[in-house]
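The values are calculated or read from the model by the stated rules, or taken from the named source; none is laboratory data. Bear in mind that the values here come from a model prediction, so they are computed numbers and not experimental data. Neighbour counts run over all protein chains shown; Cβ positions are idealised from the backbone, glycine included.
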Amino acid sequence: MGSEPRRTASLSTAVELRGVSSARTVGKASLTIRRPAGVIRDDVLVAGIGVRLTSARAIKPPAGWHAMRSDTSGRRGAALTHIVYYKVATTREPSGYRWRFPARRAAAGGLLAYRGLDGNRLSAGNSGRVRRYTRLVSAPSVRPRARDTLIVGFFSASGRARLASPRGMAKRLQVVAMRRSGVTSAMADFPVVTGATGTRSAKSSTVHRSAIGQLVALRATTVAPPGPPPPPGPPIGGGSGLPPALGPSTGQTFYVATTGSDSNPGTLGAPWRTVQKALNALQPGQRALVRAGTYAESLDVARAGTAAAPITVENYPGERPIVNGGGQRPLEISSSGAYFRIRGFVFQNSPYNSGGNIDIYGHHLEISANEVRNAQDQGIYTDEDSHDAQLLGNWIHNNGQGVIHQSHGIYLQGNDHLVANNVIHDHVKGFGIQVYDRNSRSIITANTVTGAGHSGIVVGGSGGVDNIRVVNNVFAFNAHYGISHDSTCPTASRADHNVAFGNPWGQTQPGCPGLDYSRGNRTTTDPLFVNYAARNLHVDAGSPALDYALPEFSPGSDFDGRPRPQSAPDAGAYER
Ligand SMILES: [Ca+2]
């Protein structure tokens, strides 16, 4: 069977089918199903086993597998049992899984691997039905006990069957085990946001003595926040290898609130209504504080402060303004936008199939302490002609909601950028960070990158990528490499003092002399996230990230605003 990823539509959390595998036996007392390629930690594996037995009791599942639903047609000569199992993948999975039976029997089974299901509390209900002498392999309706569930259907019949696709379901596999007696098993799925599923049936080409249909409802993951980004504070500072920070804005302060008016003077008592008004009005050195609320604006920064007097637009202390783009891109910084700081917002839901929630064409910018989520395409995009952008302490997650092409957390082009202290996770259609052409002298340091559908970071491109430094980061549980290179290798670039772990293709991709790993990376020990399933990516005592970072490239504080270093500086976005 193929294992091309496909994502189900319409759940508010993305669930992705990562792989399919199946197996059959006619003369053995066991059935072994291989693990699909690309399965990583916390993926949920769902298996359906159809076997010509009168009872499920004597069937022994492989280690770590749990039964969810079992149905048996016990009649002599038509014995058929079908059992649904699941397993949450760990960092080390065997190459296959063996179910053992009490006697030699015909058996047919399948395995689907999903990312984005909640392995901690997976089951949200199930149903099953046995029918005899029927063409209809039919599963009764189930009403899931949760919103956002994936329904997986299992359709099994004695003998050889050609099963039609059940109405409204995507058929994922069908397997037949047949000698004198036999069994056919098929699996299909579809997402449900709310309500009952209705009966789902797979019609066969022939009449079967026994047929079993089952549905299980599986909860999708709700990603818990790893804590709000830090409050507005002083510039980040840090090691001698980092570029200078954008200075503070010490001039007059203005205010924006959803209760305001753009004809107001912009004071705390009479604030402006739109963030764009502030972006257009502020003079060098001035700042605006934006009150909580949702701003349906597509912001454009087209003006510039100065090196000595940058402009700041940030959240009012303790409040989290949300910019949703109003059906367009939430934020673009034009080529004329410079010496500007944007801090403390939520930018979300860019609907475009190209570009990011934030598109950057300008220079000398600080984009800090923002949450950047749920774009159709990239999280943050920087253009080839941008330069000196500092992306600091942002929480960038679940971008790439479209299915058009690769979508990354950060798509980094242009020169002399600094990407530091960001928490980047769950970009299932792309890389956590792509450092692409043209790009010279950018530094990627002290980020934590997990759950990418490709590698944690990729460096290189035919337009020229050189002198990149990838240092002090944590890249874990991404689907391909931890650190990889483009088919056009970068030049004069280094990746060292990173923690890379649990990336199934390898921790660092070999074969690119222009991406030098010779100063070492820690690649053999689990980073010990506090709670990976809930994406709490702080690390526990004993983590290889602790005190491992190169001080020269370590920022002066961490994602939470905690001063670095504690003892020696840590790799990743958090200092312990
Ligand atoms: Ca430390």
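Brief remarks on what is shown
- Test: N472 is among the polar types (S, T, N, Q), surrounded by fewer than 24 Cβ atoms within 10 Å (Cβ to Cβ) and on the phi > 0 side of the Ramachandran plot: no
- Of the strands (runs of 3 or more DSSP E) entirely within region 61-138, those holding at least 2 residues that are crowded, with 18+ Cβ neighbours inside 10 Å and of a type in the set (G, A, S) occupy 66-73, 96-115.
- Scanning region 134-186 for residues that are basic (K, R) and under 18 Å from V15 (Cα atoms) turns up R145, R147, K171, R172.
- Filter result for S518 (over 21 Å from R92 (Cα atoms), small (G, A, S) and either touching a residue at least 60 places away in the same chain (Cβ under 8 Å) or more than 12 Å from the ligand (Cβ to nearest atom) (or both)): yes
- Hits in region 524-576 - residues which are away from the ligand (no atom under 13 Å from the Cβ), buried (at least 24 other Cβ atoms within 10 Å of the Cβ) and aromatic (F, W, Y): F529, F553, F559
- Flag if V137 is modelled with pLDDT of 95 or more, touching a Ser or Thr at 6+ places or on another chain (Cβ under 8 Å) and closer than 21 Å to A220 by Cα: no
- Region 284-313, residues that are surrounded by fewer than 22 Cβ atoms within 10 Å (Cβ to Cβ) and within 22 Å of Y361 (Cβ to Cβ): P284, E297, S298, D300, A302, R303, A304, T306, A307, A309
- Strands (runs of 3 or more DSSP E) within region 384-484 that include 2 or more residues within 20 Å of F553 (Cα to Cα): 387-392, 410-412, 418-420, 423-425, 433-435, 443-445, 448-450, 457-459, 469-471, 474-476
- A Cβ distance below 6 Å, combined with a sequence gap of six or more or placement on separate chains, defines the contacts here; from region 560-576, residues that are closer than 13 Å to A420 by Cα and touching a residue at least 24 places away in the same chain (Cβ under 8 Å) reach residues that are of a type in the set (A, V, I, L, M) and near the ligand (Cβ under 6 Å from one of its atoms) in the pairs D570/L546.
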